[in-house]
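Heads up: the structure comes next, in structure tokens.
The values are calculated or read from the model by the stated rules, or taken from the named source; none is laboratory data. Since the structure is predicted, the reported quantities are computational estimates derived from the model, not experimental observations. Here Cβ is always computed from backbone atoms with ideal geometry, including for glycine, and neighbour counts include all displayed protein chains.
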Amino acid sequence: MTHHARIGTKHSMAALGTGIALALSLTGCIGGNTEKAPAEESPAAQEQSSAPVETVAANERGGEEVDSAPASTQAPKAAAPADAAKLTKPGTSLKFGEVAYTHSNSGDAGSEEYKEAAYETKVTKIVAGSEADMAEFEDAAKFAGQTPYYVFTDVLLTSLSKPSAGIGDPRITGHLKDGTEAQKLIVFGSMADCESGSFDTDGDDDDFTYVVGSTKTMCNVFLAPAGDAVTTASYDDSSFNYENYKDNQYRKNPIVWGK
């Protein structure tokens, strides 16, 4: 399902989409999934906290944030990406705060544009907000009866095959008590209780890149209807482009974090 909303603007951006798709590659025990192949995630500019907040509640996710901080004159050499054998196995169940080894890529394999990254990813907590948190949305009435839940994830960039600041984040999905995928609220800007950061950056021009060894915190917002709650979160490797989409074993057997 998809929602759009905006804080502090004159024109409404709130729009309710159709049906909650259990897409989040969270199939198997965690609900259904779409068969559509994942699109490459492109970087989106991170807005300042003083900017108006626009939201899009959706099961589709955006890409990596690009840090707007000034770049230094020399970019660090990129480390080789992690071996696939080191990745956390599909279907692994973790406690909040435990690390999963994940990866991401962009471009066509074998091309000069191809790049790959590896991460240490951990969902650290899920925090319940209140319906009042969305009161300033232009179309707040469309969120009536729903509670926002803030899913916090720490991501350490452990390797990068070449300088890049345009590669997808690990995609995290929130799930309701019965394991079905919760609606995602995509926020352009920041909510007071749910702010995200970015990796450190270095270099400029073609050498502008995320810094290997830097960490960012992501906060994703998911909605739960009255009487329900977002209790777990998962990762389905959807930001990694496989030669054959069916090769993604995480799609139907994701990594899941819970208490």
*Could you please let me know if Thr153 is at pLDDT 70 or above, surrounded by 14 or more Cβ atoms within 10 Å (Cβ to Cβ) and assigned to a strand (DSSP E or B)?*
yes
*Looking only at residues in the stretch 126-150 that are among the hydrophobic types (A, V, I, L, M, F, W, C) and modelled with pLDDT of 95 or more, which one is surrounded by the most Cβ atoms within 10 Å (Cβ to Cβ)?*
Ile126
*Return the only residue of Ala165, Ala224, Ala118 being part of a strand (DSSP E or B), among the small types (Gly, Ala, Ser) and either more than 20 Å from Glu98 (Cβ to Cβ) or touching a Leu at 6+ places or on another chain (Cβ under 7 Å) (or both).*
Ala224
*Across the stretch 121-143, what is the total count of residues that are in contact with a Pro (Cβ under 6 Å, 6 or more places away or on another chain) and either more than 22 Å from Thr173 (Cβ to Cβ) or outside any strand (DSSP E or B) (or both)?*
2
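Restricted to the stretch 180-212, and to residues that are small (Gly, Ala, Ser) and within 19 Å of the chain's Cα centre (by Cα), which residue is modelled with the lowest pLDDT?
Gly189
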*Check Ser164, Ser214, Ser190 and return the single one that is closer than 24 Å to Glu112 by Cα and touching a strand residue (DSSP E or B) at 6+ places or on another chain (Cβ under 9 Å).*
Ser164
*Pick from Phe208, Phe143: which is of a type in the set (A, V, I, L, M, F, W, C) and out of contact with any helix residue (DSSP H, G or I) (no Cβ under 6 Å at 6 or more places or on another chain)?*
Phe208
*Right, Ser239: among the hydroxyl-bearing types (Ser, Thr, Tyr), part of a loop (DSSP other than H, G, I, E, B), touching a residue at least 24 places away in the same chain (Cβ under 8 Å) and under 20 Å from Asp169 (Cα atoms) or not?*
yes
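Every residue in the stretch 156-181 that is basic (Lys, Arg) and crowded, with 22+ Cβ neighbours inside 10 Å, please.
Arg171
Evaluate the following for Thr217: is it in contact with a Lys or Arg (Cβ under 8 Å, 6 or more places away or on another chain), at negative phi, part of a strand (DSSP E or B) and hydroxyl-bearing (Ser, Thr, Tyr)?
Considered against the rule, which asks whether it is in contact with a Lys or Arg (Cβ under 8 Å, 6 or more places away or on another chain), at negative phi, part of a strand (DSSP E or B) and hydroxyl-bearing (Ser, Thr, Tyr), Thr217 comes out as no.
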*State which residue pairs qualify: first residue within 10 Å of Thr121 (Cα to Cα) and surrounded by 18 or more Cβ atoms within 10 Å (Cβ to Cβ) and inside the stretch 85-101, second residue of a type in the set (Asp, Glu) and at pLDDT below 95 in any location, beta carbons under 9 Å apart, and separation of 6 or more residues or different chains.*
none
